[in-house]
Amino acid sequence: MAEKKPYDDHVPFPAPGTLVLALMFLAVFIIFYILNWKWLSMVWEVK
Amino acid sequence: MANQTSDFRTCPTTGLKVHLPAQTLIRINAVTAVVYILIGGILALLVALTRWPAVHLLPADLFYRALTAHGVTMLIFWVIFFEIAGLYFGSAVLLSTRLVGIVFGWVAYLMMLAGSLMTEYTILIGQADVMFSAYPPLKAHPLFYLGLILFAVGALIGCILFFATVIMAKAEGKYSGSLSLVSFGLAIAAIIAVVTIAGGAAILIPTFLWSVGLLSHIDAPTYRLVFWLFGHSSQQINVSAMVSIWYLLAALTVGAKPVSEVFSRTAFLFYAFFINVASAHHLMVDPALTTPWKIWNTGYVFHLAVVASMMHALAIPASIEVAQRKKGYVHGLFEWLKKCPWENPGFSAMVLSFCGFGLLGGITGVVFGTEQIAIVTHNTWRITGHFHTTVVLGTTTAFMGLTYYVIPLIFQREVMMPKLAMIQPWMFAIGVAIFSIAMIAAGGYGVPRRHWDITFAGAPYGFEFSPTVFLLMSVMGLGAIMAVLGGAIYCLVTVGSVFFGKKIS
Ligand code: HEM
Ligand SMILES: [Cu+2]
């Protein structure tokens, strides 16, 4: 690719990589949240 | 007024004008902080090796003594001495101005030193085996409380000098417009510190009077509530200071500038506004508080403080990405990240602190702060694991990273043993992550915190933990050894450089 400007004027967000990282963080958050409830309820099952 | 130019030197790398009397104060506070992390680290090893069932090093009484000393030494003395150094740095040095009231700076330092020695001494002689939270009816020797009060008043004087310096600098035209973002973040930390110290005084002074017999009674639920006004907000000082250091290190290591000043400043303001309401997460199983209050707080209000951290978590990597893209690293989504100065301990410490605090500390904090979860995990190792990912992996690692800049800038010495310095943040952070995750997992099986012997040997009523627990506790022990080694390298490199490093003229 040829030399580009740091970021394109048409791109609304100047840090696309950061956006992807933030979405990954959100995914981890959701997964941990669900697993946490699932796992705790298995370990501390009310019989 | 002492404002002669002879009191200043100009830093050859940054061009900042450094006020020499302020520099001496920064040095002495920072060195004292490092001495305390050294002591706290030795205690950490003793505590961790006792809780590792296969080793079980200390007898019960010494374990609780070491645990009290570890909590107080690290959470209060290491962190706050470093923060006071940071406040003087963030005001006088970053604004290229003089520190107002140098004499009071020395008074503050001596009070903090005397107070901390007093408290450490009472713990050491076995007169204060009450843990750092010191819940009544546990009662310590009066000197334990008096030492903490002296220390807090000293720290308060330090905060006042910070504000006075900032105001004076403005009046003298040392900066125009608003404060730089880093100084602004530190100002937020100092504001929260004032609230915190007021809370500390409100609870420690009566408790002190109770310990000398002048008050007959301390109401335990009130103590717990007010204690956490102090205990929780003090963690928010740490968070604000840590985030300010992230911005500073991003600027120093890759030349990052805040993408949006308004956005980042708003996030800092959120800390100041919403921090105290989050203290409820310490009291989720406290019978003295009502359920609606707990649900209102943990279900709704405390997320406002979380939002602030999420905003910084977006702003900081974005500022790094923009700075790196300007340098031409524009290929793909992540070339900018690959081309970051990973071999620079200042940079790696910042990223490790950032990721550790966000991914481990932040997520576990939000999840465990939910009321229903808190009921199951309260007083287990899940909590201890959680706060070691925030205040150790987050705050402490960030402070370590900043130290690699403080040594050349303030001590005017080159960092010795650069290879060791390079691996230091990795070793420390990965060790902390390992032992904290193991703690969190063991806590999920119900392993209690502050417990000398979970096998209950010789007790009339035993309890069998899942065998997995013993595996997890061994992993904890190994991670702790790695973290302590990383901490030892930090002490070695900093003390070595400060006293024997090559002088920078
Ligand atoms: C190498 C680093 C460290 C290791 C291996 C370590 C390990 C431990 C262990 C094993 C415990 C005892 C848990 C229990 O029995 O309930 C503990 C407690 C604690 N640690 Fe650390 N720690 C380290 C660094 C720090 C730092 C840097 C801080 C603060 C900035 C800190 C703050 C605390 C606090 C507040 C407690 C709770 C004390 C109590 O329950 O009263 N630790 N740590
Ligand atoms: Cu808290």
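Quick check on my filter: what residues within the stretch B:155-183 are open to solvent by 40 Å² or more (accessible area, probe 1.4 Å), assigned to a helix (DSSP H, G or I) and farther than 20 Å from B:His19 by Cβ?
Result: B:Leu156, single match.
Does the stretch B:59-82 hold any residues that are away from ligand 2 (no atom under 16 Å from the Cβ), touching a Phe, Trp or Tyr at 6+ places or on another chain (Cβ under 7 Å) and aliphatic (A, V, I, L, M), and which are they?
B:Ala60, B:Val72
I need the full set of residues from the stretch B:397-411 which are closer than 10 Å to B:Phe82 by Cα and hydroxyl-bearing (Ser, Thr, Tyr), in order please.
Result: B:Thr403, single match.
Here's the yes/no breakdown for (1) part of a loop (DSSP other than H, G, I, E, B); (2) surrounded by fewer than 21 Cβ atoms within 10 Å (Cβ to Cβ); (3) within 16 Å of ligand 2 (Cβ to nearest atom); (4) within 14 Å of chain A (Cβ to nearest Cβ):
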| position | (1), (2), (3), (4) |
| --- | --- |
| B:Phe347 | no, no, no, no |
| B:Gly356 | no, no, no, yes |
| B:Ile373 | no, yes, yes, yes |
| B:Val392 | no, no, yes, no |
| B:Met422 | no, yes, no, no |
| B:Pro425 | no, no, no, no |
| B:Phe456 | yes, yes, no, no |
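Which one of B:Ala134, B:Ala152 is within 30 Å of B:Arg449 (Cβ to Cβ), outside any helix (DSSP H, G or I) and not polar (S, T, N, Q)?
Numbers: B:Ala152 fails: outside any helix (DSSP H, G or I).
Matching residue, one of B:Ala134, B:Ala152: B:Ala134.
Quick grid of which residues meet (1) open to solvent by 20 Å² or more (accessible area, probe 1.4 Å); (2) touching a residue at least 40 places away in the same chain (Cβ under 8 Å); (3) not charged (D, E, K, R):
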{"residue": "B:Val243", "(1), (2), (3)": "no, yes, yes"}
{"residue": "B:Ala250", "(1), (2), (3)": "no, yes, yes"}
{"residue": "B:Val254", "(1), (2), (3)": "no, yes, yes"}
{"residue": "B:Lys257", "(1), (2), (3)": "yes, yes, no"}
{"residue": "B:Arg265", "(1), (2), (3)": "yes, yes, no"}
{"residue": "B:Ile275", "(1), (2), (3)": "no, yes, yes"}
{"residue": "B:His281", "(1), (2), (3)": "yes, yes, yes"}
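Go through the stretch B:119-159 and give me each residue that's closer than 30 Å to B:Ser96 by Cα and touching a Phe, Trp or Tyr at 6+ places or on another chain (Cβ under 8 Å). Give the derivation first.
Quick first cut of the stretch B:119-159, residues closer than 30 Å to B:Ser96 by Cα only: B:151-159.
Listed by number, the residues that qualify are B:Phe151, B:Gly154, B:Ile157, B:Gly158.
Report whether or not A:Lys47 is modelled with pLDDT of 85 or more and more than 10 Å from chain B (Cβ to nearest Cβ).
Details: modelled with pLDDT of 85 or more: no; more than 10 Å from chain B (Cβ to nearest Cβ): yes.
Answer is no for this residue.
Among what's in the stretch B:235-279 and is among the small types (Gly, Ala, Ser) and within 15 Å of ligand 2 (Cβ to nearest atom), pick the residue that is nearest to B:Ala315 (Cα to Cα).
Step one: of the stretch B:235-279, the residues among the small types (Gly, Ala, Ser) are B:240-241, B:244, B:250-251, B:255-256, B:260, B:264, B:267, B:272, B:278-279.
Among the residues that remain, those that are also within 15 Å of ligand 2 (Cβ to nearest atom) are: B:240, B:278-279.
Numbers: B:Ser240: 14, B:Ala278: 23, B:Ser279: 26 Å.
This residue is B:Ser240.
Assuming B:Ser211 fulfils every condition listed in (1) over 29 Å from B:Phe354 (Cα atoms); (2) surrounded by fewer than 18 Cβ atoms within 10 Å (Cβ to Cβ) apart from one, which condition is it?
(2)
The values are calculated or read from the model by the stated rules, or taken from the named source; none is laboratory data. Keep in mind that this is a model prediction, so the values were computed, not measured. A quick note on method: Cβ atoms are made from the backbone with ideal geometry, for glycine too, and the neighbour counts reach across all protein chains shown. Just so you know, the surface numbers come from the protein's heavy atoms only, side chains and all, with ligands and any DNA or RNA stripped out. Shrake-Rupley method; radii C 1.70, N 1.55, O 1.52, S 1.80 Å.
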